[in-house]
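The structure appears right after this line, and notes come after that.
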Amino acid sequence: TDEITGLPNANYFHNFAGNFLKKMAMNNQHPLVILFNISGMHSYNDRFGYQGGDDLLRTISRVLRDFFNQEDDVLVRYTEDNFVLLTCIPLSEAKQKIKAIAEKVAAIDSIGIKAGIYYYTNARESIKSAIDKARKALQYTGDDLTQLYHVFDESVQEKYVNRDYVLTHFQEALDKRWIKPYYQMETRSREVKEHEKRTSAGMSF
C-alpha cells in the first residue's frame, strides 16, 4: 500500500495486474491501461513543500477514485507523480471521465493532469509492455495543455520506431557521411547598414 494515498502501490500492481489483464482478455474483455501524469508537480512541491505535495497527491487520488469506482477498476499510485488505472469501461466513457477529472484538477493552482491510454487486447502481452505503450501515448500529447489524452495507435508507434532508428544508427550516419555540415556566411548588421547608407548617398566601396 502506498503510504501517502492509501492506494495499492507499484509492487502490488506488478504482482496482480498481469493476471488481471490476461483474465480479462481471455474472457473477450479488452481492458484499458491508463497512465495518468500530474503536470506541474515539481513546481508545486517547490512552492508548498513536500507536505503540500503529499496533500495534493491525496486529493488527486480521491478524484480518480470518485470517477473510477467500478468493481473491476484497479487504481494504483505507480511512481512519484503517476497513477495507473486498469478499467473495463468503454473507451468513450473513459475519455469523458478523463475530461471531467482534468476540469477538477485544473481548479488546483497551476496543476494539470494528462493520460496515455492503451487498449489491451493480447493476453500474451506483458504488463511492462502495456505500461510502456501507455507511457508513449502520454508523451505523444506533448506540451499542448489542451490535449488531455492520447490513445496508443500507429502514429505513436511510428514516432518511436523512427526515433529508435535515428538513435541506433547515429554513429553509422556519421561514419558514412549521411550527416553533413552546412555553413552560412555571417554578416554584421552594422556593416550592412553602413553600406546601404553610403550606397544611397551615391558612394560605394
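Nearest 0.05, what FRET efficiency do ASN11 and LYS180 give at R0 = 35 Å with Cβ-Cβ as r? Mind showing how you got there, number by number?
Numbers: r = 50 Å, r/R0 = 1.43.
The calculated FRET efficiency here is 0.10.
Relative contact order for segment 84-149: 33 percent, from Cα pairs under 8 Å spaced at least 6 residues apart, divided by residue count.
Once the Cα-Cα distance is subtracted from the 0.36 nm per residue extended length, the ARG62 to MET26 segment shows a gain of 9.9 nm. Dividing the mean sequence gap of close Cα pairs (under 8 Å, 6+ apart) by how many residues segment 14-101 holds gives a relative contact order of 35 percent.
If you average the alpha carbon positions of segment 1-72 and of segment 73-144, how far apart do those two centres end up, in angstrom? What the calculation gives is 9 Å, centre to centre.
Accessible area of segment 8-144 with a 1.4 Å probe: how many percent of it is carbon plus sulfur?
Values: 3120 of 6810 Å².
That share works out to 46 percent.
When peptides 90-99, 28-37 are sorted by average Cβ neighbour count within 10 Å, with the highest value leading, the order is 28-37, 90-99.
Residues of segment 121-135 falling in the label zone of GLN70, defined by backbone nitrogen less than 16 Å from a point 7 Å along Cα to beta-carbon, are 121. The modelled label-to-label distance for the pair ASN19/ILE89, using points 7 Å beyond Cα in the direction of Cβ, is 2.6 nm. With protein chains left intact and a 1.4 Å probe, residues in segment 82-150 average 48 Å² of accessible area per residue.
Neighbours of ILE89, meaning other residues whose beta-carbon lies under 11 angstrom from its beta-carbon, give a summed charge of -1 when Lys and Arg score +1 and Asp and Glu score -1.
The values are calculated or read from the model by the stated rules, or taken from the named source; none is laboratory data. Since the model is a prediction, treat every value here as computed from it, not as a measurement. Using ideal geometry, Cβ is built from the backbone for each residue, glycine included, and neighbour counts are taken over all protein chains shown. Ligands, DNA and RNA are excluded from the accessible area calculation, which covers all protein heavy atoms including side chains. Shrake-Rupley method; radii C 1.70, N 1.55, O 1.52, S 1.80 Å.
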